[in-house]
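Written out below as structure tokens is the structure these notes cover.
The values are calculated or read from the model by the stated rules, or taken from the named source; none is laboratory data. None of these values were measured; they are calculated from a predicted model. Here the Cβ is made from the backbone with ideal geometry for all residues, glycine too, and neighbour counts use every protein chain on show.
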Amino acid sequence: MKMRGCRHEAWITDKAWAGLQHLLAKAGIPVDIVGGGEPLSDDMWGYDPPRLLNAADVAEASRFLTAHRSYHSPGTTILPS
């Protein structure tokens, strides 16, 4: 969903987390970057408690996303080149 009225072009996920998680899983991402990682607390922040991925998982997800740039919209940059 595109944010309206923002100075900078931005995208918000709002309630799209489950859809993003499903699409990434279908694409074969080796790390659950939506709902994975260790919980930081027992407090609910929206759908789940906040979570933290370790450095190895972030690196693995980054390698996968870099190798699969075709999943990105044309003309957008998600990761630095």
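Can you tell me how many residues in region 30-66 are in contact with a strand residue (DSSP E or B) (Cβ under 9 Å, 6 or more places away or on another chain) and exposed (fewer than 14 other Cβ atoms within 10 Å of the Cβ)?
9
Given the structure, is SER62 part of a loop (DSSP other than H, G, I, E, B), at pLDDT 80 or above and not β-branched (Val, Ile, Thr)?
no
Looking only at region 12-35, count how many residues are of a type in the set (Lys, Arg) and not in a loop (DSSP other than H, G, I, E, B).
1
Right, SER73: modelled with pLDDT under 60 and small (Gly, Ala, Ser) or not?
Yes.
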